[in-house]
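Undergrad: The structure that follows is given in the form of structure tokens.
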Protein chains: 2
Amino acid sequence: MQQKLIFTNLVGKAIDDLVAELGNPQAFVIVDVNTAQYVLPTLSEQSAAVQAASIITIKAGEPNKTLEAVQGIWKSLQDNNATRSGVIINVGGGVVTDLGGFAAATFKRGMRVINVPTTLLGAVDASVGGKTGINFNGYKNEIGTFTEPLASIISTGFFVTLSQQELLSGYAEMLKHALLESSEELAKLLSYSVVYPIFDPEKLLELLKQSVSVKQRIVDQDLTECGARKALNLGHTIGHAFESLGFKRQSPVPHGYAVAWGCVVALVMSHMKLGFPADTMTQFAKYVNKNYGAFAFSCDDYQQLITYMQHDKKNVRPGEICFTLLSAVGEPHINECVSDDDIKAALDIYRDLMGV
Amino acid sequence: MQQKLIFTNLVGKAIDDLVAELGNPQAFVIVDVNTAQYVLPTLSEQSAAVQAASIITIKAGEPNKTLEAVQGIWKSLQDNNATRSGVIINVGGGVVTDLGGFAAATFKRGMRVINVPTTLLGAVDASVGGKTGINFNGYKNEIGTFTEPLASIISTGFFVTLSQQELLSGYAEMLKHALLESSEELAKLLSYSVVYPIFDPEKLLELLKQSVSVKQRIVDQDLTECGARKALNLGHTIGHAFESLGFKRQSPVPHGYAVAWGCVVALVMSHMKLGFPADTMTQFAKYVNKNYGAFAFSCDDYQQLITYMQHDKKNVRPGEICFTLLSAVGEPHINECVSDDDIKAALDIYRDLMGV
């Protein structure tokens, strides 16, 4: 079943319409401490379903995307006698939709879900496509399911309270979608600024629609990531390794930033292996460097980064590391295996390009 | 995707054929301490895939169907650099297939599964139909997924080491399938004895094929238990409550026995609410009493039993308890809500019929 994508700034009404369609089942709203404070009061005013719902609040942030947090949600659902025909409304960023989605997918073997992303990253990525999950034993998203929500309600109204860092983090996934789509889309994004004071919510909603449609089209071909969906992994194998290293250093990096940097390394490998144009690679690296800075590491970290990459879920065989690369903008090639030596060479070039 | 059902006593060959079809991916065998001792050595001789596989051993028995056990499996998979394209071969009873199935369904968002049930209960029920799960916070199968295995390999060769209690436990699910199917099937089962010395593995394999086909036909209509599949819940809402009470008393009862007793209560309710024939109800109760004995409780336990029933996953609304009942053998009615008073009346009649 394909999930509904609803683009609107009348979020409360959209929720009420969906819940009414389901026959007004028992509803639960999952928020983190931030959306509890900044989003929930407004939503409660706008939506009778939210006002009537039981509220489950979790801690904010990636380090809390844990099995312990999931157990807390399961217990709250038990305490409220939740049945499988209830509905869970996830209101928050990627942590809330990943965690709430996993709790919902597994409680009594599956409750229905409506996602209300409140961050740009959530809107363009986590809330769409059915990936749910938690971090486990030091690895990101190691445990989870493919379970599409009933619907995602995508709006830009909540973004005015986001920091520059959060906006840029989401924008990185949009850049990735543009790399997978066409030079025209990429040019559009490279000429727009998601950052204040130029940030324009209406224009952004338009760009978002376009960007999310790239993802949805790919997910519809391959929900469980056996083939085509791996294209969306562009920049992520390396990005996740950067995130794991940042986590280990106790200096976490935002997911979107890691993806932006990971895309730079992926373009370097694409150039090395598939003849991706050097000028586009350089232009992209400059844009990323200017807006996101650079993730710094030395050659002493290479082996650790490679070890993280070996744990990537998309690898086909143990020990072999596979990437999504591009022969050109809009031309993804999945399952490109790269040797450890070539990975190290690409990390060298990345450090040159980014000046680290 | 519908799971393959393979009925054979050449289990090793069937495993090797399936693993070869998958392109010989990395394989993991999950066993419990019993099947590690009694089944694995033989299987290793018969199957190159099993011999080459990494073995993950879990503790045996329902009390070990926990989140802790799942975490142990996840960690073993991590330690062995398992990728999503690996395959998990569950060798054991319902605990192994439920637990191993859940670990597989959620590790890296899903590995493939082959079930090799080694108990009659596993063969006729747990290994078929895609329910995976664990007990949580005192409730049975509270957490899980609907994820069909690639295949179940069903044989009767392993059953010669089963106790009378285990054979009867599996036979109860076959009785349930017969109640859902036809008076002819029910008569066949009531005239066969699964217990030594009359136990005949070849005859049993034939009865099993028939019985499993009832389940598979119903699951194919409705994997995620939105409608038709609830028919399979016959006897289970009450049965699970009996199991929970047994667990609380630290005197656990076998699942199949609980189902057999639960079917008796369901037939009593069916008679009260839907005119199910009293003579068939009495005949069935006598058969169950003779072969399974009776679960004993007093009216002081009624409220606790009702509380357990309120947590049943198949309930439609909080507080309301729904049952699958029969207007006649082969005529299931799902979502029959029964008031607390009527439940208590049915429990009274059960105690009369069973002499407790």
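No value in this document is a laboratory result; all are computed from the given coordinates. Values in this document were obtained by computation on a predicted structure and should not be read as measured data. For neighbour counting, all protein chains shown are included, and Cβ atoms are generated from backbone atoms with ideal geometry for every residue, glycine included.
Undergrad: Name the most mobile residue of B:L168, B:L325, B:L22, meaning the one with the largest mean-square fluctuation, in a Gaussian network model of chain B with Cα contacts below 10 Å.
TA: Judging by the Gaussian network model, the answer is B:L22.
Undergrad: Roughly how crowded by other chains is peptide B:130-143, in terms of the mean Cβ count from those chains within 10 Å of each of its Cβ atoms?
TA: 3
Undergrad: Still on this model: How do A:R84, B:R217 rank when sorted from fewest to most other Cβ atoms within 10 Å of their own Cβ?
TA: So the residues, fewest neighbours to most, are B:R217, A:R84.
Undergrad: Rounding to the nearest 20 debye, state how big the charge dipole of the protein assembly as shown is about its Cα centre with +1 on each Lys and Arg Cβ and -1 on each Asp and Glu Cβ.
TA: Roughly 300 debye, rounded to the nearest 20.
Undergrad: To the nearest Å, what is the center-to-center distance of region A:333-350 and region B:1-42, using C-alpha atoms only?
TA: Centre-to-centre (Cα) distance: 37 Å.
Undergrad: Using the Cα centre of the protein assembly as shown as origin and beta-carbon charges of +1 (Lys, Arg) and -1 (Asp, Glu), tell me which of A:V160, A:I56, B:Q216 is placed farthest towards the positive end of the dipole.
TA: Going by the Cα projections, it comes out as A:I56.
Undergrad: Name the chain A residue nearest the rotation axis between A and B, going by Cβ position, and give the distance in whole Å.
TA: Closest to the axis: A:T145, 3.
Undergrad: Return the FRET efficiency for the residue pair A:D300, B:E320: r is the Cβ-Cβ distance, R0 is 56 Å, and the value is rounded to the nearest 0.05.
TA: In this case the efficiency is close to 0.35.
Undergrad: Project the alpha carbons of the protein assembly as shown onto their principal axes and report the range along each, largest first, in whole Å.
TA: 84, 63, 37 Å, listed from the longest principal axis down.
Undergrad: Which residue, B:P254, B:Q303, B:N233, has the largest displacement toward the positive end of the dipole of region B:164-354 when charges sit on each Cβ (Lys, Arg +1; Asp, Glu -1)?
TA: B:P254
Undergrad: Another question, then. What are the label-to-label distances in nm, one decimal and shortest first, from A:L22 to the same spot in the other copies, with labels 7 Å along Cα to Cβ?
TA: Nearest to farthest, the other copies are at 3.4 nm.
Undergrad: Please list the non-local residues whose amide H lies under 5 Å from the amide H of B:D32, H modeled 1.01 Å from N, same-chain partners needing a gap of 5 or more.
TA: Under 5 Å from the amide H of B:D32 lie the amide H atoms of B:I58, each far enough along the sequence or on another chain.
Undergrad: When A:Y302, A:Y139, B:Y350 are ordered from fewest to most other Cβ atoms inside 10 Å of their Cβ, what list results?
TA: A:Y302, A:Y139, B:Y350
Undergrad: For the pair A:A345/A:K75, report the inter-label distance in nm, with labels modelled 7 Å from Cα in the Cβ direction.
TA: 5.4
Undergrad: Here's something else I'd like to know. Enumerate the whole-percent occupancy of each 10 Å bin, from 0 to the last occupied one, for all C-alpha pair distances of region A:272-356.
TA: 15, 42, 40, 3
Undergrad: No solvent, one uniform scatterer per C-alpha: report log10 I(q)/I(0) for region A:4-161 via the Debye equation at q = 0.20 1/Å, two decimals.
TA: At q = 0.20 Å⁻¹ the computed log10 ratios are -1.30.
Undergrad: So how do A:S270, B:S244 line up by other beta-carbon neighbours within 10 Å, fewest first?
TA: B:S244, A:S270
Undergrad: Near A:Q78, within a Cβ-to-Cβ distance under 15 Å, what is the net charge of the other residues, with Lys and Arg +1 and Asp and Glu -1?
TA: Local charge sum for A:Q78: +3.
Undergrad: Placing a label point 7 Å from Cα toward Cβ, how far apart in nm is B:Q2 from its equivalents in the other copies, listed shortest first to one decimal?
TA: Distances between equivalent label points, in nm: 2.6.
Undergrad: Of B:K203/B:K290; A:K108/A:K176; B:K248/B:K286; A:K209/A:K290; A:K230/A:K286, which sit over 31 Å apart, Cα to Cα?
TA: A:K108/A:K176
Undergrad: Which ³J(HN,Hα) values in Hz, rounded to whole numbers, follow from the phi angles of region A:266-280 under the Karplus curve 6.51 cos²θ - 1.76 cosθ + 1.60, where θ = phi - 60° and Gly and Pro get x?
TA: 4, 5, 4, 4, 4, 5, 5, 9, 10, x, 4, x, 5, 5, 5
Undergrad: What is the packing order of peptides B:38-44, B:152-158, taking the mean over residues of other C-beta atoms within 10 Å and listing the highest first?
TA: Descending packing order for the listed peptides: B:152-158, B:38-44.
Undergrad: Right, here's the next one. Report the Rg/Rh value for region A:228-304, based on alpha-carbon coordinates and the Kirkwood definition of Rh.
TA: Ratio of gyration radius to Kirkwood radius for region A:228-304: 0.97.
Undergrad: What is the local net charge at A:V329, summed over the other residues whose Cβ is closer than 13 Å to its Cβ (Lys, Arg +1; Asp, Glu -1)?
TA: Net local charge, A:V329 excluded: -3.
Undergrad: A follow-up question, please. Using θ = phi - 60° and the Karplus curve 6.51 cos²θ - 1.76 cosθ + 1.60, what whole-Hz ³J(HN,Hα) does each residue of region B:77-84 get, with Gly and Pro shown as x?
TA: 5, 4, 4, 9, 6, 4, 10, 5
Undergrad: What does the copy distance list look like for B:E184, label position 7 Å along Cα→Cβ, in nm and ordered from shortest?
TA: Reported distances to equivalent positions: 6.5 nm.
Undergrad: Apply the Debye scattering formula to chain A, with a single equal point scatterer on each alpha-carbon and no solvent, then give log10 I(q)/I(0) at q = 0.14 Å⁻¹.
TA: The computed values of log10 I(q)/I(0) come out as -1.13.
Undergrad: Hey, got the average number of other protein chain Cβ atoms within 10 angstrom for residues in B:99-112?
TA: 4
Undergrad: Cα atoms only: what Rg and Dmax, in Å, come out for region B:164-354?
TA: 15.7, 47
Undergrad: How far apart, in nanometres, would the label points at B:T8 and A:C337 be if each is projected 7 angstrom from Cα along the Cα-to-Cβ direction?
TA: Spacing of the two 7 Å Cα→Cβ label points: 2.9 nm.
Undergrad: Next question, about the same structure. Magnitude of the Cβ-charge dipole of chain B, K/R +1 and D/E -1, about the Cα centre, nearest 20 debye?
TA: 580
Undergrad: Would you pull out the residues with amide H under 5 Å of B:S327's amide H, same chain only if 5 or more places away, H placed 1.01 Å from N?
TA: Those qualifying (amide H under 5 Å, at least 5 residues apart or on another chain) are B:H333.
Undergrad: What does the charge count near A:D98 come to, summing +1 for each Lys or Arg and -1 for each Asp or Glu among other residues with Cβ under 13 Å from its Cβ?
TA: 0
Undergrad: What 222 nm value per residue comes from the helices of chain A, counting each DSSP H run with n ≥ 4 as -39,500 (n - 2.57) and dividing by all residues, nearest 500 deg cm²/dmol?
TA: Computed ellipticity for chain A at 222 nm equals -15500 deg cm²/dmol.
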